[in-house]
1. Any residue at all in segment 601-618 that's among the basic types (Lys, Arg), within 30 Å of Ala279 (Cα to Cα) and surrounded by 12 or more Cβ atoms within 10 Å (Cβ to Cβ)?
2. Tally the residues that are of a type in the set (Val, Ile, Thr) and closer than 22 Å to Gly164 by Cβ, restricting the search to segment 17-54.
3. Identify, from the list Val427, Val443, Val473, the residue that is closer than 30 Å to Ala338 by Cβ and touching a Cys at 6+ places or on another chain (Cβ under 9 Å).
4. Can you name every residue in segment 83-95 that is within 13 Å of the ligand (Cβ to nearest atom) and buried (at least 21 other Cβ atoms within 10 Å of the Cβ)?
5. Count, please, the residues in segment 96-121 that happen to be away from the ligand (no atom under 12 Å from the Cβ), in contact (Cβ under 8 Å) with a residue 60 or more places away in the chain and not hydrophobic (A, V, I, L, M, F, W, C).
6. Keeping to segment 67-81, report how many residues are within 12 Å of the ligand (Cβ to nearest atom), in contact (Cβ under 8 Å) with a residue 12 or more places away in the chain and either over 22 Å from the mean Cα position of the chain (by Cα) or in a strand (DSSP E or B) (or both).
7. All but one of (1) under 23 Å from Gln356 (Cβ atoms); (2) within 16 Å of the ligand (Cβ to nearest atom) hold for Arg277; which doesn't?
8. Would you point out the residue of segment 1-28, among those that are within 14 Å of the ligand (Cβ to nearest atom) and among the polar types (S, T, N, Q), that is farthest from Ala102 (Cα to Cα)?
Amino acid sequence: MKLTFSQTVTGNISGGVLVVTIDNPPVNAASADMRQGLLAAIDNAAGSKEISGVVITGAGKTFVGGADIREFGKPMAEPVLPQVVDHVEASRKPVVAAINGAALGGGLEIALACHHRIAAGSAKIALPEVKLGIVPGAGGTQRLPRLAGVIAAAEMAASGRMVGAAEALALGIVDEVAEGDLVARATAVARELAGKPPRRTGDLAVAAVDAEAFGAMATKALARARGQDAPGEALRLVRSAAGRSLAEGLADERATFLRLRDSDQSKALRHVFFAERAAAKVDGLEGVEPRAVSTIGIVGLGLMGSGIVVAALDAGYAVIGVDATAEAARKGRERIAALLDRNVASGRLDAEGREQRLALLTISHRMEDLADVDLVIEAVFDDLDVKTDLFRRLEGIVRPDAVLATNTSYLDPDLLAAAAPHPERVVGLHFFSPANIMRLVEVVNCAKTAPDVLATGLAVAKKLGKLPVVTGVCEGFIGNSIFSAYRREAEFLLEDGALPQDIDVAMEGYGFAMGPFAVFDLAGLEIAWARRKRQAAARDPNERYVGIADRLCEAGRFGQKSGRGWYAYPDGKRTVDPEVTAMIEAARAKKGISPREIKPDEIVLRLLGAMAAEGEKLLAGNIARRASDIDLVMINGYGFPAYMGGPMFAAGK
Ligand code: 3HC
């Protein structure tokens, strides 16, 4: 018999067990309707003689994806999630969670309040609230340590890390992993438990904590959380579960949740969450099928190319890596093997995974070997002649339906496409180095790119586990255009009176992992110098131009690699160099500028302002499709702190 508790929650009674199904697409979020329905289902079971136990499960591939994030910032409708969770736990009839897929945040909190948890092999659990700038708000920080211990629970709550079914079982978070039919098994367990006193997680004692081990874990978690409030609060709440009653812990948790939910960091991180989902939606691509890609050819096996190869192998693609000579190809293979070895050494990959990846890889110095690939990504030297020549050669080799992608950073891909007989199959895939680690890929929609080719670029980037953001064509696309504006303003600040270290400290205080001058030194100064020299003839003489970086390069100061740049690096350590200070002072004097003291607030304001102004230009020129895309690029490619939401969000755009 089908029972309807709300629009999103229904029930079925099977042999005395009420199987409650949450069906609230796309992710079964705990919306007001769902909460009300779940509460009603538990009440129904309590009042029914026919029902002796309850199973809660989700329709589709998610159990419950957490609280409904769209409701944040609006008044909370009753019942709120903690009321529902308490109701589940208080039930006198056994409630079994049949965790059929992701149980995240509030979803895990519902499961923790059940009296028995069974997970499907594919289930995943997490308390991802910190990624939204909040802490769990419905008992997660208090019930999880009662099952998994304080250290494991605190690590999960502070990191938001996703845990698979096997690990959840080992940690004691779930009671079993179902081999066969999950709901049938959960129903059988509910029947077995019927009539026995329910095992309530909230009644369990919290095991004693090894203070030293907790401290070591917390230090690591806090280092990763730099600048963010929520992870520290999550650690504090879980840690204190050991010394106080459940009720006290829950009250503190709820108050902290509500305070953080209204914080600027949480608003910014929610913006980022929705920005990521919005970026995947591209006007004009509705209903457009990407081309099938199973083999990728990657030409150029330098640092960037080998990183792309590893990313493609990680995603399960067959890869043919090509470089110009047998020697270059051999070096490429070594570079790729070294990257895989590093992943093995860090525990990210096991020996078997390494072998599987190498089995998918072919290395060659013969371009003809690309005859059958579905997609070619070129990562050769960033020079128009070199790349044009390569594209012409590829046209004679690859299948007519193969997609050609360029990884150029600064060249005009429309010029490259124009050199190819079939410009409609050319797209830009601008990876960031190291390409196997960095999440951002700018997908460049060239003037003639066919919709299904653009869709293919997006689909492949997504399968690589990347965050693809579509950009139009302009010098530097979205990211480097804004980075250039940032660099320009940082150099104006130098002339006006700030020193590199003042600017870096100010931006690191804002939340960047590294200030701009430390980043310039890390990346090397010579590429930007070469560009400035190329552009010199076309430069408007009335435009403000700061020549200090040119002076540095003329003095052989190319950054960290050469041991000297904006800083000196004795023993590899970044150190203020009086020689650079003198060069800056000389440049100011030459222009007759009297330096003034510039406070950190002004530095931050000017640099953020320069980024937002450049962002406005990109929007006006249709290079970026939406302000939030620009935020994603700067957060994922350039170290802009996510909890500040990105330059456009910070500027209120
Ligand atoms: N609330 C509202 N909408 C949500 C949502 C949520 N919790 N989670 C996902 N969505 C929406 C997305 O915005 C997207 O909508 P769109 O199609 O209109 O753009 C749609 O669901 C699909 O999302 P994805 O594209 O991310 O789908 P995937 O299949 O790739 O991933 C997921 C599914 C793993 C569930 C992923 O969406 C996710 O991680 N969601 C966030 C989970 C989360 O953070 N939960 C904690 C919420 S806070 C909380 O629970 C507080 C509690 O402690 C009180």
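The values are calculated or read from the model by the stated rules, or taken from the named source; none is laboratory data. None of these values were measured; they are calculated from a predicted model. Note: ideal-geometry Cβ built from the backbone for every residue, glycine included; neighbour counts use all protein chains shown.
1. yes
2. The initial filter retains those residues of segment 17-54 that are of a type in the set (Val, Ile, Thr), namely 17, 19-22, 27, 42, 51, 54.
Keeping just the survivors that are closer than 22 Å to Gly164 by Cβ gives 22, 27.
Of the residues in that region, 2 qualify.
3. Step by step, each of Val427, Val443, Val473 is checked, and only Val427 is closer than 30 Å to Ala338 by Cβ and touching a Cys at 6+ places or on another chain (Cβ under 9 Å).
4. Passing the criteria: Val84, Val85.
5. 3
6. 4
7. It is condition (1) that Arg277 fails.
8. Per the stated criteria, the residue is Thr8.
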